[in-house]
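Working notes, beginning with the structure itself.
The values are calculated or read from the model by the stated rules, or taken from the named source; none is laboratory data. As the structure is a computational prediction, the values presented were derived from the model and not from experiment. Reconstructed Cβ throughout: ideal geometry from the backbone, glycine too, with neighbour counts over all protein chains shown. The protein model used for the area step is the full one, side chains on, heavy atoms only, and it has no ligands, DNA or RNA in it. Shrake-Rupley method; radii C 1.70, N 1.55, O 1.52, S 1.80 Å.
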Amino acid sequence: MKASQRFMTIIEGFLLALLAGLLQLVFPAELGETGLSLEMGLVLILFYAFRRGALPACLAGGLVGIIQLYQVPDALTNWPHSLALVIASAAVGLAGLFARNLQRTLHNRRMSSVYLNLVTGSFIGVLCYFICRFVDQVWIQAESSGLAEAFRTNGLSFLLNLGIALAILIVTLNVSAKYFIPRYTKYISRKERSRLLND
């Protein structure tokens, strides 16, 4: 990857991470008294993961987690909890493990495989996030609500956020699929790249 391309990847990740962090701060941490979490910033991390791959997305996710610490009153003193939040956000970037397959199948118009990669990657990214949150609540914070309640709220939050993320990503994919393939993607050869819609 050329230096200019690497720079664009970093800038894109930084901007999307800032936007995702702002979304996390704007939306309520919990939906009323249900205990369910609405994590809208996850959608942008997933989108970046499918564009740039796992490592850049994990770094961007970690930055989102750091931004979220603004809402944690004892972020410095309660460092295990703060670290768990950062790791949870970074783990969403694991969806980028499916970036190569998603971009190649999208380029070749194999839409059934595109949707499979999108759903599988999103499932793994969001699941990793809520597993980390579950571990944080049960073993690090040792919340009084108990194991069963933490499992219920995190499980339902996982389903809610996965559904929202998939709905937004699938609509984006159908409206403008070219956004999932960067102009100078490393997952498609130069010969193949010349036929990309966004070139």
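Is it the case, given these coordinates, that residue 33 is without any contact (Cβ under 8 Å) to a residue 40 or more places away in the chain and in a loop (DSSP other than H, G, I, E, B)?
On the way: without any contact (Cβ under 8 Å) to a residue 40 or more places away in the chain: yes; in a loop (DSSP other than H, G, I, E, B): yes.
Criteria met by residue 33.
Hey, could you check region 114-150 for residues that are at pLDDT below 90 and small (Gly, Ala, Ser) and say which is nearest to the chain's Cα centre (by Cα)?
150
Can you go through 67, 45 and tell me which one is under 13 Å from the mean Cα position of the chain (by Cα) and either farther than 27 Å from residue 172 by Cβ or in contact (Cβ under 8 Å) with a residue 40 or more places away in the chain (or both)?
45
For the subset of region 25-42 comprising residues that are within 22 Å of residue 83 (Cβ to Cβ) and either open to solvent by 10 Å² or more (accessible area, probe 1.4 Å) or hydroxyl-bearing (Ser, Thr, Tyr) (or both), which member is farthest from the chain's Cα centre (by Cα)?
30
What number of residues within region 11-37 are closer than 20 Å to residue 93 by Cβ and either in contact with a Phe, Trp or Tyr (Cβ under 9 Å, 6 or more places away or on another chain) or of a type in the set (Asp, Glu) (or both)?
Here the count works out to 8.
Applying the selection to region 148-193, what residues are outside any helix (DSSP H, G or I) and either open to solvent by less than 70 Å² (accessible area, probe 1.4 Å) or out of contact with any helix residue (DSSP H, G or I) (no Cβ under 9 Å at 6 or more places or on another chain) (or both)? Step through it out loud before you land on a result.
Taking region 148-193 as the starting set, the residues that turn out to be outside any helix (DSSP H, G or I) are 176, 181-189.
Within region 148-193, 176, 181, 182, 185, 187, 188, 189 meet the criteria.
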